[in-house]
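To start, the structure itself, in C-alpha coordinates.
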Amino acid sequence: MTAGCSRPPAPGSRTAYGDDPSQWAELYRPEGTPRGVVVVIHGGFWRAQYDASLGAPLAQALADEGWAAWNLEYRRVGDGGGVPATLDDVAAGIDALATTDLDLSTVLALGHSAGGHLAVWAAGRSGARVPLTGAVSQAGVLDLRGAEAEDLGAGAVQAFVGGPVDAAVDPLQQVPLSVPVRCVHGRADTNVPLSQSQTYVQAATAAGADATLTEVDGDHFVLIDPSSPVWRTQLDLLADLAG
(Lines give C-alpha, C1' and ligand atoms only; values in the text may rest on other atoms or scores of the structure.)
Protein backbone atom coordinates (compact mmCIF):
# COMPACT_ATOMS: atom_id res chain seq x y z
CA MET A 1 0.00 0.00 0.00
CA THR A 2 2.70 2.49 -0.89
CA ALA A 3 2.70 5.17 -3.53
CA GLY A 4 5.60 6.32 -5.61
CA CYS A 5 6.72 9.92 -5.54
CA SER A 6 9.39 11.94 -7.24
CA ARG A 7 10.84 12.83 -3.84
CA PRO A 8 10.03 11.96 -0.23
CA PRO A 9 7.19 14.07 1.15
CA ALA A 10 8.27 16.82 3.50
CA PRO A 11 6.48 16.78 6.84
CA GLY A 12 3.44 18.99 6.85
CA SER A 13 2.32 21.30 9.63
CA ARG A 14 0.17 19.12 11.91
CA THR A 15 -3.09 20.28 13.49
CA ALA A 16 -5.06 18.24 16.02
CA TYR A 17 -8.83 18.48 15.67
CA GLY A 18 -9.55 16.25 18.70
CA ASP A 19 -7.94 14.50 21.63
CA ASP A 20 -7.56 11.06 20.07
CA PRO A 21 -4.10 10.27 18.61
CA SER A 22 -5.75 9.66 15.22
CA GLN A 23 -7.54 13.02 15.08
CA TRP A 24 -5.14 15.20 13.13
CA ALA A 25 -4.34 16.62 9.73
CA GLU A 26 -1.14 17.87 8.13
CA LEU A 27 -1.09 20.95 5.94
CA TYR A 28 1.23 21.03 2.93
CA ARG A 29 1.58 24.54 1.56
CA PRO A 30 2.66 25.48 -1.95
CA GLU A 31 4.95 28.30 -2.85
CA GLY A 32 2.86 31.41 -3.34
CA THR A 33 -0.91 31.71 -3.13
CA PRO A 34 -2.70 28.34 -3.22
CA ARG A 35 -4.98 27.68 -6.17
CA GLY A 36 -7.37 26.03 -3.69
CA VAL A 37 -7.46 23.44 -0.92
CA VAL A 38 -7.51 19.68 -1.44
CA VAL A 39 -8.42 17.41 1.47
CA VAL A 40 -6.55 14.12 0.97
CA ILE A 41 -8.39 11.15 2.52
CA HIS A 42 -6.52 7.86 2.54
CA GLY A 43 -8.03 4.43 2.06
CA GLY A 44 -7.43 0.97 3.45
CA PHE A 45 -11.00 -0.36 3.85
CA TRP A 46 -11.42 1.90 6.93
CA ARG A 47 -8.98 -0.34 8.88
CA ALA A 48 -6.43 0.82 11.43
CA GLN A 49 -3.43 -0.86 9.81
CA TYR A 50 -3.59 1.74 7.01
CA ASP A 51 -2.91 5.36 7.86
CA ALA A 52 -2.32 8.84 6.52
CA SER A 53 1.19 7.95 5.37
CA LEU A 54 -0.61 6.75 2.23
CA GLY A 55 -1.75 10.30 1.55
CA ALA A 56 1.53 12.07 2.26
CA PRO A 57 3.06 11.61 -1.21
CA LEU A 58 -0.15 12.88 -2.80
CA ALA A 59 -0.25 15.88 -0.47
CA GLN A 60 3.33 16.78 -1.37
CA ALA A 61 2.64 16.34 -5.08
CA LEU A 62 -0.42 18.58 -4.80
CA ALA A 63 1.61 21.26 -3.02
CA ASP A 64 4.18 21.03 -5.80
CA GLU A 65 1.34 21.82 -8.24
CA GLY A 66 0.21 24.89 -6.31
CA TRP A 67 -2.48 23.42 -4.07
CA ALA A 68 -2.76 23.60 -0.30
CA ALA A 69 -3.17 19.96 0.72
CA TRP A 70 -4.78 18.83 3.99
CA ASN A 71 -3.72 15.22 4.62
CA LEU A 72 -6.40 13.93 6.96
CA GLU A 73 -6.11 11.17 9.55
CA TYR A 74 -9.12 9.71 11.32
CA ARG A 75 -10.10 6.88 13.64
CA ARG A 76 -10.36 3.58 11.80
CA VAL A 77 -11.80 0.15 12.57
CA GLY A 78 -9.50 -1.31 15.20
CA ASP A 79 -8.58 1.99 16.85
CA GLY A 80 -11.97 3.34 17.87
CA GLY A 81 -13.28 3.98 14.37
CA GLY A 82 -16.23 2.74 12.38
CA VAL A 83 -19.67 4.32 12.16
CA PRO A 84 -20.22 6.92 13.48
CA ALA A 85 -16.73 7.77 14.82
CA THR A 86 -14.95 7.72 11.45
CA LEU A 87 -17.60 9.89 9.84
CA ASP A 88 -17.55 12.30 12.77
CA ASP A 89 -13.78 12.56 12.44
CA VAL A 90 -13.83 13.26 8.72
CA ALA A 91 -16.43 15.97 9.22
CA ALA A 92 -14.51 17.53 12.12
CA GLY A 93 -11.20 17.22 10.30
CA ILE A 94 -12.51 19.08 7.27
CA ASP A 95 -14.17 21.73 9.43
CA ALA A 96 -10.84 22.26 11.19
CA LEU A 97 -9.69 24.02 8.03
CA ALA A 98 -11.59 27.00 9.43
CA THR A 99 -8.81 27.39 12.00
CA THR A 100 -6.23 28.03 9.27
CA ASP A 101 -5.52 31.18 7.29
CA LEU A 102 -6.41 29.50 3.99
CA ASP A 103 -8.91 30.87 1.48
CA LEU A 104 -11.72 28.30 1.68
CA SER A 105 -13.70 29.35 -1.39
CA THR A 106 -12.45 26.19 -3.16
CA VAL A 107 -12.20 23.09 -0.97
CA LEU A 108 -12.06 19.79 -2.81
CA ALA A 109 -11.75 16.26 -1.44
CA LEU A 110 -9.52 13.63 -3.01
CA GLY A 111 -10.11 10.18 -1.57
CA HIS A 112 -8.82 6.74 -2.47
CA SER A 113 -10.79 3.50 -2.00
CA ALA A 114 -12.47 3.76 1.42
CA GLY A 115 -11.23 7.34 1.36
CA GLY A 116 -13.24 7.83 -1.81
CA HIS A 117 -16.30 6.76 0.11
CA LEU A 118 -15.47 9.26 2.84
CA ALA A 119 -14.78 12.05 0.34
CA VAL A 120 -18.11 11.66 -1.44
CA TRP A 121 -19.96 11.17 1.85
CA ALA A 122 -18.40 14.39 3.14
CA ALA A 123 -19.41 16.24 -0.04
CA GLY A 124 -23.04 15.51 0.77
CA ARG A 125 -23.14 16.57 4.42
CA SER A 126 -25.35 19.49 5.36
CA GLY A 127 -24.58 22.27 7.80
CA ALA A 128 -20.83 21.94 7.36
CA ARG A 129 -18.66 24.70 8.76
CA VAL A 130 -16.35 24.13 5.79
CA PRO A 131 -18.41 22.73 2.91
CA LEU A 132 -16.73 20.89 0.09
CA THR A 133 -17.07 22.39 -3.36
CA GLY A 134 -16.37 19.10 -5.15
CA ALA A 135 -14.91 15.64 -4.74
CA VAL A 136 -12.67 13.28 -6.69
CA SER A 137 -13.18 9.62 -5.85
CA GLN A 138 -10.19 7.43 -6.65
CA ALA A 139 -11.61 3.91 -7.01
CA GLY A 140 -14.03 4.75 -4.23
CA VAL A 141 -16.32 2.34 -2.42
CA LEU A 142 -19.46 4.28 -3.31
CA ASP A 143 -22.11 1.53 -3.22
CA LEU A 144 -21.85 0.09 0.28
CA ARG A 145 -24.70 -2.35 -0.11
CA GLY A 146 -23.15 -3.70 -3.29
CA ALA A 147 -19.73 -3.84 -1.65
CA GLU A 148 -21.17 -5.74 1.31
CA ALA A 149 -22.91 -8.21 -1.01
CA GLU A 150 -19.64 -8.80 -2.87
CA ASP A 151 -17.73 -9.07 0.43
CA LEU A 152 -15.17 -6.49 -0.64
CA GLY A 153 -12.24 -6.37 1.73
CA ALA A 154 -13.32 -9.61 3.42
CA GLY A 155 -16.09 -8.15 5.53
CA ALA A 156 -14.80 -4.58 5.52
CA VAL A 157 -18.19 -2.93 5.04
CA GLN A 158 -19.91 -4.76 7.88
CA ALA A 159 -16.94 -4.14 10.18
CA PHE A 160 -17.12 -0.44 9.32
CA VAL A 161 -20.88 0.05 9.48
CA GLY A 162 -21.70 -2.43 12.23
CA GLY A 163 -25.34 -2.64 11.19
CA PRO A 164 -27.68 -1.95 8.28
CA VAL A 165 -26.23 0.00 5.36
CA ASP A 166 -28.61 2.94 5.32
CA ALA A 167 -28.61 6.23 3.46
CA ALA A 168 -26.77 8.05 6.23
CA VAL A 169 -23.55 6.19 5.39
CA ASP A 170 -23.94 5.14 1.74
CA PRO A 171 -23.08 7.60 -1.05
CA LEU A 172 -25.20 5.69 -3.59
CA GLN A 173 -28.28 6.27 -1.46
CA GLN A 174 -27.49 10.00 -1.12
CA VAL A 175 -27.69 11.02 -4.78
CA PRO A 176 -28.10 13.62 -6.09
CA LEU A 177 -25.46 15.80 -4.43
CA SER A 178 -25.39 19.55 -4.96
CA VAL A 179 -21.64 19.55 -5.71
CA PRO A 180 -19.81 17.82 -8.57
CA VAL A 181 -18.26 14.39 -8.13
CA ARG A 182 -15.52 13.07 -10.40
CA CYS A 183 -14.80 9.35 -10.25
CA VAL A 184 -11.57 7.90 -11.60
CA HIS A 185 -11.04 4.15 -11.63
CA GLY A 186 -8.53 1.66 -13.00
CA ARG A 187 -9.88 -0.89 -15.44
CA ALA A 188 -7.69 -3.61 -13.92
CA ASP A 189 -8.72 -2.89 -10.31
CA THR A 190 -9.22 -6.16 -8.42
CA ASN A 191 -9.60 -4.57 -4.97
CA VAL A 192 -12.57 -2.31 -5.68
CA PRO A 193 -14.27 -3.25 -8.94
CA LEU A 194 -14.90 -0.64 -11.61
CA SER A 195 -18.62 -1.34 -11.20
CA GLN A 196 -18.55 0.59 -7.93
CA SER A 197 -17.86 3.84 -9.77
CA GLN A 198 -20.05 2.93 -12.73
CA THR A 199 -23.06 2.24 -10.53
CA TYR A 200 -22.62 5.47 -8.61
CA VAL A 201 -22.20 7.71 -11.65
CA GLN A 202 -25.15 6.12 -13.45
CA ALA A 203 -27.41 6.68 -10.45
CA ALA A 204 -26.11 10.19 -9.81
CA THR A 205 -26.54 11.40 -13.36
CA ALA A 206 -29.98 9.79 -13.60
CA ALA A 207 -30.93 11.82 -10.52
CA GLY A 208 -29.66 15.02 -12.14
CA ALA A 209 -26.31 15.32 -10.37
CA ASP A 210 -23.03 16.47 -11.89
CA ALA A 211 -20.99 13.25 -11.82
CA THR A 212 -18.54 11.71 -14.28
CA LEU A 213 -16.37 8.61 -14.54
CA THR A 214 -12.89 8.56 -16.03
CA GLU A 215 -11.62 5.04 -16.65
CA VAL A 216 -7.84 4.66 -16.74
CA ASP A 217 -5.35 1.90 -17.39
CA GLY A 218 -3.96 0.30 -14.27
CA ASP A 219 -4.84 -1.33 -10.98
CA HIS A 220 -6.12 -0.09 -7.64
CA PHE A 221 -2.89 1.59 -6.58
CA VAL A 222 -1.84 3.39 -9.75
CA LEU A 223 -4.19 6.17 -8.67
CA ILE A 224 -2.07 7.02 -5.63
CA ASP A 225 1.24 6.99 -7.48
CA PRO A 226 2.19 10.60 -8.29
CA SER A 227 4.85 9.35 -10.70
CA SER A 228 2.26 7.64 -12.95
CA PRO A 229 0.59 9.24 -15.99
CA VAL A 230 -2.72 8.74 -14.22
CA TRP A 231 -1.73 11.40 -11.69
CA ARG A 232 -1.86 14.08 -14.36
CA THR A 233 -5.37 12.96 -15.23
CA GLN A 234 -6.40 13.48 -11.63
CA LEU A 235 -4.72 16.88 -11.45
CA ASP A 236 -6.75 17.87 -14.50
CA LEU A 237 -9.96 16.76 -12.77
CA LEU A 238 -9.11 18.87 -9.73
CA ALA A 239 -8.27 21.87 -11.90
CA ASP A 240 -11.59 21.57 -13.72
CA LEU A 241 -13.46 21.43 -10.42
CA ALA A 242 -11.65 24.53 -9.22
CA GLY A 243 -12.77 26.40 -12.34
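Data overview
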| read-out | value |
| --- | --- |
| Residue in segment 83-106 that is open to solvent by less than 40 Å² (accessible area, probe 1.4 Å) and under 18 Å from ASP210 (Cβ atoms) present | yes |
| First in segment 195-212 and closer than 25 Å to ASP151 by Cα, second anywhere and open to solvent by 20 Å² or more (accessible area, probe 1.4 Å) and of a type in the set (S, T, N, Q), Cβ under 7 Å, 6 or more apart | VAL201/THR212 |
| Per-region count, segment 141-200, residues aliphatic (A, V, I, L, M) and closer than 19 Å to GLN234 by Cβ | 8 |
| Some residue of segment 123-130 being open to solvent by 60 Å² or more (accessible area, probe 1.4 Å), at pLDDT below 95 and at negative phi | yes |
| Any strands (runs of 3 or more DSSP E) falling wholly within segment 1-119 and containing at least 2 residues that are in contact (Cβ under 8 Å) with a residue 60 or more places away in the chain | 24-28, 37-41, 107-112 |
| Any hit, segment 222-238, residues being surrounded by fewer than 19 Cβ atoms within 10 Å (Cβ to Cβ) and more than 21 Å from GLY55 (Cβ to Cβ) | no |
| Checklist (1) open to solvent by less than 10 Å² (accessible area, probe 1.4 Å); (2) among the hydrophobic types (A, V, I, L, M, F, W, C); (3) part of a loop (DSSP other than H, G, I, E, B) applied to ALA209, failing item | (1) |
| Failed item, numbered, when VAL77 is tested on (1) modelled with pLDDT of 95 or more; (2) within 22 Å of ARG182 (Cβ to Cβ); (3) open to solvent by 20 Å² or more (accessible area, probe 1.4 Å) | (2) |
| The listed residue being touching a Leu at 6+ places or on another chain (Cβ under 9 Å), surrounded by fewer than 16 Cβ atoms within 10 Å (Cβ to Cβ) and either of a type outside the set (Lys, Arg) or part of a loop (DSSP other than H, G, I, E, B) (or both), out of ALA168, ALA204 | ALA168 |
| Flag for ALA159 being open to solvent by 20 Å² or more (accessible area, probe 1.4 Å) and within 16 Å of GLY43 (Cβ to Cβ) | yes |
| Candidate set: segment 120-129, residues that are assigned to a helix (DSSP H, G or I) and of a type in the set (Gly, Ala, Ser); chosen: the one farthest from SER13 (Cα to Cα) | ALA123 |
| Condition met for SER137 (touching a strand residue (DSSP E or B) at 6+ places or on another chain (Cβ under 8 Å), on the phi > 0 side of the Ramachandran plot and open to solvent by less than 30 Å² (accessible area, probe 1.4 Å)) | no |
| Members of segment 216-231 found to be within 17 Å of the chain's Cα centre (by Cα) and not aliphatic (A, V, I, L, M), listed by number | HIS220, PHE221, ASP225, PRO226, TRP231 |
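The values are calculated or read from the model by the stated rules, or taken from the named source; none is laboratory data. Treat the numbers as computed from the prediction; the structure is a model and nothing was measured. As a convention, Cβ positions derive from the backbone with ideal geometry for all residues, glycine included, and neighbour counts pool all protein chains shown. Each accessible area value is taken on the protein alone, full model and side chains, heavy atoms only, with ligands, DNA and RNA left out. Shrake-Rupley method; radii C 1.70, N 1.55, O 1.52, S 1.80 Å.
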